[in-house]
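The values are calculated or read from the model by the stated rules, or taken from the named source; none is laboratory data. Please read these numbers as outputs of a predicted model, since none were measured by experiment. Here the Cβ is made from the backbone with ideal geometry for all residues, glycine too, and neighbour counts use every protein chain on show. These area figures cover heavy atoms from the full protein model, side chains too; ligands, DNA and RNA do not enter into them. Shrake-Rupley method; radii C 1.70, N 1.55, O 1.52, S 1.80 Å.
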Amino acid sequence: MTADLTSPSGPELVGPDTLDTPTADRLEVVPSPLDLLRARVTGRAVDLGVLAVALVVGGWLRLADLGGVGVNSDEAVYAGQAASLVGNEHFVGNFPVVRAHPLLFQILISPWYADGVPDTPGRYASALFGIGTIALVFVLGHLLYGRRAGAIAALLIAVMPYAVVLSRQVLLDGPMTFFTTAALVCLALLARTENGRWLVAAGALLGLATLTKETALILVMAVFVFLSLVPRFWRPKRYVALAAAAALGLAATYPIATALAGGGSRGQSYLVWQLSRRPNHDFLFYLTEIPVAIGVLTVATAVAGLVLLRRRSSWRETLLLAWIVVPFVFFEIWPVKGFPYLLVLAPAVAVLAARACAALIDLTPRRAWTVVGGVGLTAALVLAGVVPSSQLVTDPVASPTAGSGGSPGGREAGSWIDANVPASAKVMTIGPTMANIVRYYSGNPSDALSVSPNPLHRNPSYQPIVNPDHAVRAGTYRYLVWDAYSAARSPSFSSRLLALVRKYGGRVVHTESAVFDGATREVVVIYEVPR
Amino acid sequence: MSRSRRVLVGLTALLVVVAGPVLLADPAQAAGSSTAREPQRAVLVAIYAVAVLLVAAVVAWAAHSQWGRRAQGQEEER
């Protein structure tokens, strides 16, 4: 059987390629200004122009001013791992290579962490993965619903605050989403061409995504659901078996590599800890936070498109919905809820919203209001995304988008400790967030008061301070760091740290101020306790 | 096999795969893990590099077969 990528099977919208083709009827009539306008709107140049705008705007939103704020706690961990991987002496003692997640991204960025204390190379790498995801979303939308939908989808993901904020940080979710989106493209190619090798490629890419962050393994379930609901893709079965072997075999590389490299027991400890963590957010967390981060209007447009175009439904919607519903349901049930976990479903939402916009523009019979309405809807979606996303670049601290802002003052405080405190002096902080930042920038060992003495209730990387009072009295910790961010989350541990400062006559040796909670205030205070 | 059975069998198999390492993990090791020795970095990097190359080969294999099909299709049309 031969297959052509340009001739989709199953019910299909009127694609822009079709509209571009001049017909005899069109050649016989004198085009009106409206016809000329339509021809321009439906033109290939416009669609590719929209894609170019998506790449330029998305690139600016992801790459501009990446060093404005220092690394946050998670970034410190991943960048610290990368630096430890290449043996950077500043990090080796403080950031063990094997921690909670696989190491593909850390390995990729590690060459840029060989010397000094860099904090932006990982962000640039993450941003480039984000820009790559924009291109993949275009390909996905093009394969499923035509070039126009692909271009609009690329524009939507380019300005989506959820994608922008996570692509500007040294986090694993952006690169993971790049690989999962590539897998989704392979599944679309499988369905379009019925070439089973694309299923194997999708499985391999999901394996690679799992080597970036293990949560990507959930999407293997999405593939199973898709194949079950569209059973014609189950055959030939050898491809299904090969795809499963590729995904699970590559995923197994993570524990095998860790064990072979001598970090097996630590890897198991992290696994146990991840699976036994207590819930950190309530059931409504994803329902309230993620639609806002993706864009309420974008989500509403995607849903409206599904409802209004239900008669045109095909394997395309089944594929995208499986990609959205499976991870959403899984993480809704999973007790630990991280803000970035659902980034993998954002490309599918963007494509569904773009489908609705493109369908309105290309609605037959064509009317001026449908074209204007479709373009207007697209413009509204882009505007609703680009405003909060721009704020992430120009004023990240004031941005209301979750996950933005970092910990202003943390980099400066850590650098001050590096310059003014003996390298071996241990530092006590309220929580592990500031402890990681202090470790990252100063290289000093740093422990947090809030770390549980119970090994099953703490990250295995963190050492608890079993008796803080004795530790300060004995001189184990001479520098105590209070920060407004941890204090806001853990007022009781903040009070304990300040009580220790008072009890042992601590004096302020350095402060950092920044905007926090809408006002400029002291966000980091470093106390020195006399011997 | 019906659709619902396929979903059930698939999800069960996946749960076993995910749960397997957890069942093998020893919670007691968590206590002393932070003192575990650093892994051999070169081994880690080499294994990950092989994994990436493997995926690149699989994607190239799929793409190559697609181009072959398209070329064959164009041949037949002529």
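For the reader, a short list of remarks on this structure follows.
- Options A:316, A:311; residue that is of a type in the set (Lys, Arg), exposed (fewer than 15 other Cβ atoms within 10 Å of the Cβ) and part of a helix (DSSP H, G or I): A:311
- Any hit, region A:432-444, residues being assigned to a loop (DSSP other than H, G, I, E, B), more than 25 Å from residue A:338 (Cβ to Cβ) and not acidic (Asp, Glu): yes
- When region A:218-247 is limited to residues that are within 7 Å of chain B (Cβ to nearest Cβ) and among the hydrophobic types (A, V, I, L, M, F, W, C), the one that is surrounded by the fewest Cβ atoms within 10 Å (Cβ to Cβ) turns out to be A:229.
- The condition (being open to solvent by 30 Å² or more (accessible area, probe 1.4 Å), among the aliphatic types (A, V, I, L, M) and more than 30 Å from residue A:97 (Cβ to Cβ)) is satisfied by just one residue among A:423, A:519, A:419: A:519.
- Sole residue being open to solvent by 30 Å² or more (accessible area, probe 1.4 Å), without any contact (Cβ under 8 Å) to a residue 60 or more places away in the chain, assigned to a helix (DSSP H, G or I) and in contact with a helix residue (DSSP H, G or I) (Cβ under 6 Å, 6 or more places away or on another chain), chosen from A:345, A:360, A:321, A:377: A:360
- All told, residue A:264 meets the bar of being modelled with pLDDT under 80 and either more than 8 Å from every other protein chain (Cβ to nearest Cβ) or open to solvent by less than 50 Å² (accessible area, probe 1.4 Å) (or both).
- Within region B:45-66, the residues that satisfy the criterion of being under 17 Å from residue A:196 (Cα atoms), open to solvent by less than 60 Å² (accessible area, probe 1.4 Å) and at the interface with chain A (Cβ under 7 Å from one of its Cβ atoms) are B:55, B:58, B:59, B:62, B:65, B:66.
- Of all the listed residues (A:54, A:76, A:100, A:83), the sole one being outside any helix (DSSP H, G or I) and either at pLDDT 90 or above or within 14 Å of chain B (Cβ to nearest Cβ) (or both) is A:100.
- Taking the listed residues A:387, A:466, A:451, A:397, the one that is under 30 Å from residue A:285 (Cα atoms), open to solvent by 30 Å² or more (accessible area, probe 1.4 Å) and assigned to a loop (DSSP other than H, G, I, E, B) is A:397, with no other qualifying.
- Within region A:158-211, considering residues that are in a helix (DSSP H, G or I) and basic (Lys, Arg), the one most open to solvent (accessible area, probe 1.4 Å): A:197
- For region A:103-127, filtering for residues that are part of a loop (DSSP other than H, G, I, E, B) and either modelled with pLDDT of 90 or more or within 12 Å of chain B (Cβ to nearest Cβ) (or both) leaves 7.
- Subset of region A:126-146 [open to solvent by less than 20 Å² (accessible area, probe 1.4 Å), of a type in the set (A, V, I, L, M, F, W, C) and over 17 Å from residue A:320 (Cα atoms)]: A:127
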